[in-house]
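Written below as structure tokens is the structure these notes are about.
The values are calculated or read from the model by the stated rules, or taken from the named source; none is laboratory data. Predicted model, so just to flag it, every value in this text is computed and none were measured. As a convention, Cβ positions derive from the backbone with ideal geometry for all residues, glycine included, and neighbour counts pool all protein chains shown.
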Amino acid sequence: MATNESPEREERIEMEIVVDAYGAEERAMGWYYYLEDTLAFPFSARCTIERATSPLKKGDEVEVVAMAPDDECWNDMLVMIRWQHQGKLAVPLSQLDPEADAGAATIQAVEDWHYWVQRGYEF
């Protein structure tokens, strides 16, 4: 599951995202605020992996509209999507890939999170 190490991404994560974070809660909040500040909502994304905690199926296209509330993101980074004309639903960001028109900063931020997860890092 581990992906190849990226020195550039490692430095960005260490120096911008989890800088001065000394515990799990601080690392989670570092990620939360990095993503909240960097992701350009709304953006289109595609589900790339199914998760037991999400109703999305591989290939589903969704509109990501916001970060989930911060108190929902202590163990995983969740985003809010529009869901079946019934409102919004929180799903794991790790199962989504933004579409190309999401913008470079959004794509990089999502890739940063995917990298963190794939390397097996934890809060």
Of everything in segment 53-91, what is free of Cβ contacts under 8 Å to residues at least 40 places away in the same chain, small (G, A, S) and in a loop (DSSP other than H, G, I, E, B)? Give them in sequence order. G59, A68, G87
Among the residues of segment 34-49, is any of a type in the set (A, V, I, L, M) and in contact with a Phe, Trp or Tyr (Cβ under 8 Å, 6 or more places away or on another chain)? yes
Q118 is checked against (1) surrounded by 15 or more Cβ atoms within 10 Å (Cβ to Cβ); (2) touching a residue at least 24 places away in the same chain (Cβ under 8 Å); (3) under 13 Å from the mean Cα position of the chain (by Cα); (4) under 21 Å from R27 (Cβ atoms) and fails just one. What number does that condition carry? (1)
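Conditions (1) modelled with pLDDT of 95 or more; (2) small (G, A, S); (3) surrounded by fewer than 16 Cβ atoms within 10 Å (Cβ to Cβ), marked per residue:
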position: Y22; (1), (2), (3): no, no, yes
position: Y34; (1), (2), (3): yes, no, no
position: A52; (1), (2), (3): no, yes, yes
position: D76; (1), (2), (3): yes, no, no
position: P98; (1), (2), (3): yes, no, no
position: I107; (1), (2), (3): yes, no, no
position: H114; (1), (2), (3): yes, no, no
position: E122; (1), (2), (3): no, no, yes
